[in-house]
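J.: Before I ask anything, here is the structure I am working with.
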Ligand SMILES: COc1cc([C@H]2SCC(=O)N2c2cccnc2)c(CCCN2CCN(C)CC2)cc1O
């Protein structure tokens, strides 16, 4: 890592820095807007900046194609995230989004999209401080352009474009370790379609088990145990806003939805993108919420299957039932929607239910990072922020 050649120049705590428990603040003071660099950073010769207009189907498909071929793979390069075009619109076109934060790099001549970094506005609470931030996501450099030091230029440029608007903090996650994680989380997986997962070598048959026994082990009921659980709809937004806002207060890192529109965007169901369910009591009060998002993965080099359909646990509030029952209901609903596997990080209350609900530990960690902010480290159970 060339002793973090780039990250040692950035306002982030250094790896060996132990931040005292009572410190929770910006590392660098806000730059006066007229002092923020006005012109874009310089790209290597032959490349130019170009915003990706996600309302232009052609450009949306260019971004889809860049990511589906060049984005995150598992550590053995057997699988690669296959974010859909509709998912990218959902994740990047949140209320108040800025087109210049969909930052692309094109090759002169061919005009091909070869790199991208995205930012979306998201107010985040860190312990007792509510901070206007952006979430950084989908940083991707084409495989043929790696080690050309393009990523540091993308990070500096998106920082500049965000700083110009008066925002000086960011939140992001990564599978790699750079200065300096605020928390280290772990992926867990719950098989829904064990035969397919074993076939593509995502999972393996455990020594003392037959395939028939394995299928039986992961079998789920057809309907959720919480009988009043139903798809969330527009008219639920007001109650869900209050329920989730209150519930998120228990975590040390959590999104702050400034209004119902922001939360509606995050949670209202969109087929093949995000699924949300609520439980309502006899007085019509919404007491529980559970949601998950759809992120397929390409399977590289398998004759029978091209794609693993994975659901990822998103936000939830267990108000009238246990976390265990609510997440088991999410498994049942995801299975009904034909997902092959249900993924979850060990944040929020998730770790408590993994064993009973038959989740297995995944490969690699997911580090949580804050940019230009220092605060005490957090245990995964203190994290209430889920990035796509
Ligand atoms: C194979 O097991 C995992 C695969 C994945 C991801 S990585 C791309 C992909 O398609 N994944 C997948 C495939 C099928 C079903 N759900 C997810 C994960 C999540 C990311 C793991 N980070 C990747 C980057 N390194 C550096 C650290 C670990 C966990 C798995 O335990």
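J.: Can you name every residue in region 288-329 that is within 16 Å of the ligand (Cβ to nearest atom) and either out of contact with any strand residue (DSSP E or B) (no Cβ under 9 Å at 6 or more places or on another chain) or assigned to a helix (DSSP H, G or I) (or both)?
T.: Answer for region 288-329, where residues must be within 16 Å of the ligand (Cβ to nearest atom) and either out of contact with any strand residue (DSSP E or B) (no Cβ under 9 Å at 6 or more places or on another chain) or assigned to a helix (DSSP H, G or I) (or both): 301, 302, 304.
J.: (1) under 22 Å from the mean Cα position of the chain (by Cα); (2) modelled with pLDDT under 95: which one isn't true of residue 183, the others all being true?
T.: Checking residue 183 against (1) under 22 Å from the mean Cα position of the chain (by Cα); (2) modelled with pLDDT under 95, the one that fails is (2).
J.: Same structure, new question: Does region 324-338 include one or more residues that are without any contact (Cβ under 8 Å) to a residue 40 or more places away in the chain and either within 30 Å of residue 166 (Cβ to Cβ) or surrounded by 22 or more Cβ atoms within 10 Å (Cβ to Cβ) (or both)?
T.: Yes, because at least one residue in region 324-338 is without any contact (Cβ under 8 Å) to a residue 40 or more places away in the chain and either within 30 Å of residue 166 (Cβ to Cβ) or surrounded by 22 or more Cβ atoms within 10 Å (Cβ to Cβ) (or both).
J.: What do you reckon, is residue 243 out of contact with any helix residue (DSSP H, G or I) (no Cβ under 7 Å at 6 or more places or on another chain), touching a residue at least 24 places away in the same chain (Cβ under 8 Å), surrounded by 18 or more Cβ atoms within 10 Å (Cβ to Cβ) and over 22 Å from residue 172 (Cα atoms)?
T.: In short, yes.
J.: Just to verify a result, which residue in region 342-355, among those that are out of contact with any helix residue (DSSP H, G or I) (no Cβ under 6 Å at 6 or more places or on another chain) and within 19 Å of residue 218 (Cα to Cα), is surrounded by the fewest Cβ atoms within 10 Å (Cβ to Cβ)?
T.: Only one residue fits best here, namely 355.
J.: Taking region 166-213, which residues are near the ligand (Cβ under 10 Å from one of its atoms), assigned to a loop (DSSP other than H, G, I, E, B) and either on the phi < 0 side of the Ramachandran plot or touching a strand residue (DSSP E or B) at 6+ places or on another chain (Cβ under 6 Å) (or both)?
T.: 175, 176, 177, 200, 202, 203
J.: Okay, moving on. Could you pull out the residue among 98, 80 that is within 16 Å of the ligand (Cβ to nearest atom), at pLDDT 95 or above and on the phi < 0 side of the Ramachandran plot?
T.: After applying the criteria, what remains is 80.
J.: Going by the conditions given, is residue 88 in contact with a strand residue (DSSP E or B) (Cβ under 6 Å, 6 or more places away or on another chain), crowded, with 16+ Cβ neighbours inside 10 Å and under 26 Å from residue 266 (Cα atoms)?
T.: no
J.: Quick test for you: out of 361, 374, pick the one residue that is surrounded by fewer than 21 Cβ atoms within 10 Å (Cβ to Cβ) and either without any contact (Cβ under 8 Å) to a residue 12 or more places away in the chain or within 16 Å of the ligand (Cβ to nearest atom) (or both).
T.: None of the other options fit; the residue is 361.
J.: So, one more: Between residues in region 67-85 that are in contact (Cβ under 8 Å) with a residue 40 or more places away in the chain and within 18 Å of residue 199 (Cα to Cα) and residues that are part of a loop (DSSP other than H, G, I, E, B) and within 6 Å of the ligand (Cβ to nearest atom), which pairs lie under 9 Å by C-beta distance while being six or more apart or on different chains?
T.: 74/202; 78/202; 79/202; 80/72; 80/74
J.: Can you tell me which residues in region 246-257 are touching a residue at least 12 places away in the same chain (Cβ under 8 Å) and part of a loop (DSSP other than H, G, I, E, B)?
T.: Those that are touching a residue at least 12 places away in the same chain (Cβ under 8 Å) and part of a loop (DSSP other than H, G, I, E, B): 250, 251, 252, 256, 257.
The values are calculated or read from the model by the stated rules, or taken from the named source; none is laboratory data. This one's a predicted model, so the numbers in the text were calculated from it and none came from an experiment. Neighbour counts run over all protein chains shown; Cβ positions are idealised from the backbone, glycine included.
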